[in-house]
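To start, the structure itself, in structure tokens.
The values are calculated or read from the model by the stated rules, or taken from the named source; none is laboratory data. Treat the numbers as computed from the prediction; the structure is a model and nothing was measured. So basically every Cβ, Gly included, is an ideal-geometry build from the backbone, and we count neighbours across all protein chains shown. Just the protein is used for accessible areas: all its heavy atoms, side chains included, with ligands, DNA and RNA removed. Shrake-Rupley method; radii C 1.70, N 1.55, O 1.52, S 1.80 Å.
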Amino acid sequence: MRLAIFGEVLANLFRKPVTLKYPVAREVRVAPGFRGKHYADLMKCIGCSLCAVDCPANAIAMDKLPQPLKHNQRGIFPVVDYGKCVYCYQCVFVCPVKAYIVTEVFEMADYTTGTSRDLSLSTVKGGGSV
Amino acid sequence: MVVVEIPIGPQHPALHEPIMLKVRAEGEEVVEVSVNTGYNHRGVEKLLEKNSWVRGMYIADRVCGICNAVHMQTYVQGVEKLMDIEPPPRANYIRTLVMELERIHSHMLVVAVMAEVIGFDTLFMMIMRDRERVMYLKELVTGNRVHADIHMLGGVKRDIDEAKRDKILKELGVIEERIKHYKKVFETDYTIVKRLSEAGIIKRSEALRLSIVGPTLRASGIKSDVRSDDPYAAYPEVPFNVISRDEGDSWARMMVRLEEALESVNMVRYIVEKIPQGPAIPKAIPRAAKPGEVISRVEAPRGELLYHIISIGGANPYRVKIRTPSFLNILNTEKVYIGHRLADVPVIFVSYDPCISCTERVVVIDEKNGKKTYMSMRDLAKVRVE
């Protein structure tokens, strides 16, 4: 066969297009366990700062808690800057109390969403304890 | 006849990498080529000195986008040697699995790029479509389709389960069938064979003299592969053949890659079926290494990758020297282009599977005089900030 490619071209004439019509149709498949947007659960976080120390992109800054939490004696929590984050998940791995909530969200092009601050603060239940 | 100098790159439709080939041609015939680098230097080696051992893993991983897991493996196995840690067998198998998936998609990529360079855009699209299946498997195992980030000092960060295993085995069947098909296309297609064969022949003796590595060396008839010569990770236990061909031309390099990809499919199948039980994820992360130096080498998809890591104790490495395969394959082969047609230059260049982001070294340019100096290791040591 001199032109092996021809059979392939003919077979593809009757196939559905492979190209996805993103973002008109949101049909992008992401494998389970995809490393997406992540934020700290403040009901678990103890403010140890290990994630900020290990972050290779310096994307995590420790910020003051707006209200005191009993289990977080240091009164600080990690804020992930999604613009800097390289999604290596070292923070998720190193966390001694498994405080990070991981999601498969990858659509983060936005004018407003910059950090994980609001998401983390929304995890505080019952207004915290003094 | 007048000799014309033609710059190919650093931005050129036929070259996908930021490198410049200064081609001097007499009519259509190439008489001289000089490779010009320095467009993509990022100071990775310095960054590694400035960061801790753990952060360094992720910096090493980002040296190259295509072959990131092998960079991480080379760094991690070197640091593990300095720290006296032995990763558990299951972790070694998972590392090998990710590296072999990477080899499959890297080889498919260069074969696709070659198809594009010779004007076969349809074939390029089709190979890239099928490559996406491998990327999906990598995403399934590691959590990201490009950057694996699965290594950890003393193990891996993620384990694989039965569901993932079944999915991998199912997809591998399709991938194997497709690679076999592309191999047949490259073997039998009249245009491809005509275009690639006898372009850029490197003879056996010449390949040794020029220190060529990887599939480029194996296409010149030398069976040299770090995976079998100096086995690491799970390679001592995983059976595989070292592929080599005697032709030494661009076509042979492509065929070696396609056959290696098929070999890697079998290796991945073996790994997921025979993976030993036991722990894979380390409980604690080691932080300090004892003083010493280590040379760690790994067979990257492009050839032998080497890290020289020096530790003086403490939390950071003192020096990390990276020698990547493209550094040898691109810079040492300037003479190979001579005598070929101008149109063959991109074909020969792509057949080395160039990867410039990992090849860049320090170059100092004096803007006033337009002078360019390359800095040696000794000069760099002098300006090192303590």
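Anything in the range B:126-160 that is among the charged types (D, E, K, R) and either within 10 Å of chain A (Cβ to nearest Cβ) or farther than 30 Å from residue B:283 by Cβ (or both)? List them, or say none.
So in the range B:126-160, the residues among the charged types (D, E, K, R) come out as B:129-133, B:138-139, B:145, B:149, B:157-159.
Once the filter is applied, which keeps residues that are among the charged types (D, E, K, R) and either within 10 Å of chain A (Cβ to nearest Cβ) or farther than 30 Å from residue B:283 by Cβ (or both), the range B:126-160 yields B:129, B:130, B:131, B:132, B:133, B:138, B:139, B:145, B:149, B:157, B:158.
Quickly run through the range B:165-199 and pick out the residues that are closer than 25 Å to residue B:115 by Cβ and either acidic (Asp, Glu) or within 20 Å of the chain's Cα centre (by Cα) (or both). Explain how you work it out, then say what you get.
Within the range B:165-199, the subset closer than 25 Å to residue B:115 by Cβ is B:171-199.
Residues satisfying the conditions are B:171, B:176, B:177, B:179, B:187, B:189, B:198.
Criterion first (among the charged types (D, E, K, R) and more than 14 Å from chain B (Cβ to nearest Cβ)) does residue A:26 satisfy it? I'd like the intermediate steps shown before the answer.
Values: among the charged types (D, E, K, R): yes; more than 14 Å from chain B (Cβ to nearest Cβ): yes.
The answer is yes for residue A:26.
Out of B:205, B:197, B:228, B:211, report the one residue that is touching a Leu at 6+ places or on another chain (Cβ under 6 Å), open to solvent by 10 Å² or more (accessible area, probe 1.4 Å) and of a type outside the set (Asp, Glu). Don't jump to the end; show me each part of the working.
Numbers: B:205 fails: touching a Leu at 6+ places or on another chain (Cβ under 6 Å); B:197 fails: touching a Leu at 6+ places or on another chain (Cβ under 6 Å); B:228 fails: touching a Leu at 6+ places or on another chain (Cβ under 6 Å).
Only one candidate qualifies: B:211.
If I filter the range A:60-71 for residues that are touching a residue at least 12 places away in the same chain (Cβ under 8 Å), farther than 24 Å from residue B:140 by Cα and within 14 Å of another protein chain (Cβ to nearest Cβ), do I get at least one hit?
From the range A:60-71, those touching a residue at least 12 places away in the same chain (Cβ under 8 Å) are A:60-71; that's our starting set.
From what's left, farther than 24 Å from residue B:140 by Cα: A:60-71.
Applying the additional criterion that residues be within 14 Å of another protein chain (Cβ to nearest Cβ) yields A:60.
So far as the range A:60-71 goes, yes, one or more of its residues are touching a residue at least 12 places away in the same chain (Cβ under 8 Å), farther than 24 Å from residue B:140 by Cα and within 14 Å of another protein chain (Cβ to nearest Cβ).
Within the range B:9-23, can one find any residue that is under 30 Å from residue B:290 (Cα atoms) and surrounded by fewer than 18 Cβ atoms within 10 Å (Cβ to Cβ)?
no
Residue under question is residue B:35, and the condition is that it be at pLDDT below 90 and in the same structural domain as residue B:338 (by TED's automatic domain parsing); does it hold? Steps first, please.
Numbers: at pLDDT below 90: yes; in the same structural domain as residue B:338 (by TED's automatic domain parsing): yes.
Considered against the rule, which asks whether it is at pLDDT below 90 and in the same structural domain as residue B:338 (by TED's automatic domain parsing), residue B:35 comes out as yes.
Give B:223, B:138 a once-over and let me know the one that is assigned by TED's automatic domain parsing to the domain that holds residue B:256, crowded, with 18+ Cβ neighbours inside 10 Å, free of Cβ contacts under 8 Å to residues at least 60 places away in the same chain and of a type outside the set (Gly, Ala, Ser). Can you show your working first?
On the way: B:223 fails: crowded, with 18+ Cβ neighbours inside 10 Å.
Residue meeting the stated conditions: B:138.
Please go through the range B:255-313 and give me each residue that is hydrophobic (A, V, I, L, M, F, W, C), under 24 Å from residue B:326 (Cβ atoms) and in contact (Cβ under 8 Å) with a residue 60 or more places away in the chain, ordered by number.
Applying the first criterion (hydrophobic (A, V, I, L, M, F, W, C)) to the range B:255-313 yields B:255-256, B:258, B:261-262, B:265, B:267-268, B:271-272, B:275, B:280-281, B:284-285, B:288-289, B:294-295, B:298, B:300, B:305-306, B:309-310, B:312.
Now restrict to residues that are under 24 Å from residue B:326 (Cβ atoms): B:255-256, B:258, B:261-262, B:267, B:294-295, B:298, B:300, B:305-306, B:309-310.
Residues satisfying the conditions are B:255, B:258, B:261, B:262, B:267, B:294, B:295, B:298, B:300, B:305, B:306, B:309.
Would it be correct to say that residue B:183 is surrounded by fewer than 18 Cβ atoms within 10 Å (Cβ to Cβ) and in the same structural domain as residue B:130 (by TED's automatic domain parsing)?
Numbers: surrounded by fewer than 18 Cβ atoms within 10 Å (Cβ to Cβ): no; in the same structural domain as residue B:130 (by TED's automatic domain parsing): yes.
So residue B:183 does not fit the description; no.
Would you pick out the residues in the range B:105-125 that are open to solvent by less than 30 Å² (accessible area, probe 1.4 Å) and within 11 Å of chain A (Cβ to nearest Cβ)?
The answer is B:115, B:123.
Looking at the structure I just gave you, is residue B:192 more than 9 Å from chain A (Cβ to nearest Cβ) and among the β-branched types (Val, Ile, Thr)?
Details: more than 9 Å from chain A (Cβ to nearest Cβ): no; among the β-branched types (Val, Ile, Thr): yes.
So residue B:192 does not fit the description; no.
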